[in-house]
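Participant: My questions all concern the structure below.
Taken together, the values in this text are just the output of simple stated rules run on the coordinates, not laboratory data. None of the values given here were measured: they were computed from a predicted structure. Here the Cβ positions follow ideal geometry from the backbone for every residue, glycine too, while neighbour counts run over all protein chains shown.
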Amino acid sequence: MTRVVVYMATGCHLCPPTVAAVQAVCHERGLEATVVDIDGNVELERLHRERIPVVMVDDQEVGHYLVTESDLRVVLDMTHS
């Protein structure tokens, strides 16, 4: 099963629209979206803070900053073709 994760943080103005886009596409495709708040996690802060939100599909970064529904659809179509 495809695993979709969004790394986000409190106060990030790009995070809510990206989380909403990921959740919408995952819902339409029958996938589960996991949203991870990196606040307070030293390792996740180190890995992702400068580029949040970060979207991962099957442990591969597929986008950061602002990811739209169409962006994610393209990625998912490419990974399942």
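Participant: Rounded, prolate or oblate for the stretch 1-47? Axes are the square roots of the Cα gyration tensor eigenvalues, ordered a ≥ b ≥ c, and the cut-off for rounded is a/c under 1.5. Write out the running numbers ahead of the final one.
Facilitator: Details: a/c = 3.68, a/b = 1.63, b/c = 2.26.
Judged from the Cα gyration tensor, the stretch 1-47 comes out oblate (a/c at least 1.5, b/c at or above a/b).
Participant: For the chain, what number results from the quotient of the Cα radius of gyration and 2.2 N^0.38 Å?
Facilitator: Working: Rg = 11.9 Å, N = 81, 2.2 N^0.38 = 11.7 Å.
Taking the Cα Rg and dividing by 2.2 N^0.38 Å, one obtains 1.02.
Participant: As I understand it, the value is the acute angle between the Cα axis of helix 69-79 and the longest principal axis of the Cα atoms of the chain; what does it come to in degrees, rounded to 10?
Facilitator: Once rounded, the angle reads 70 degrees.
Participant: Separate question: Rank the residues ASP59, ASP77 as a footprinting-exposure proxy: fewest other Cβ atoms within 10 Å of their Cβ go first. Intermediate values should be presented prior to the final figure.
Facilitator: Details: ASP59 7, ASP77 10.
With the sparsest Cβ surroundings first, the list reads ASP59, ASP77.
Participant: Any idea what angle helix 15-29 forms with the longest principal axis of the chain, computed on alpha-carbon atoms, 0 to 90 degrees, nearest 10?
Facilitator: That works out to roughly 30 degrees.
Participant: Given the Cα-Cα distance of ARG51 and ARG29 and 0.36 nm per residue of separation, how much length would full extension add, in nm? Please report the intermediate quantities before stating the final value.
Facilitator: Values: separation 22, 0.36 × 22 = 7.92 nm, distance 2.59 nm.
Length gained, ARG51 through ARG29: 5.3 nm.
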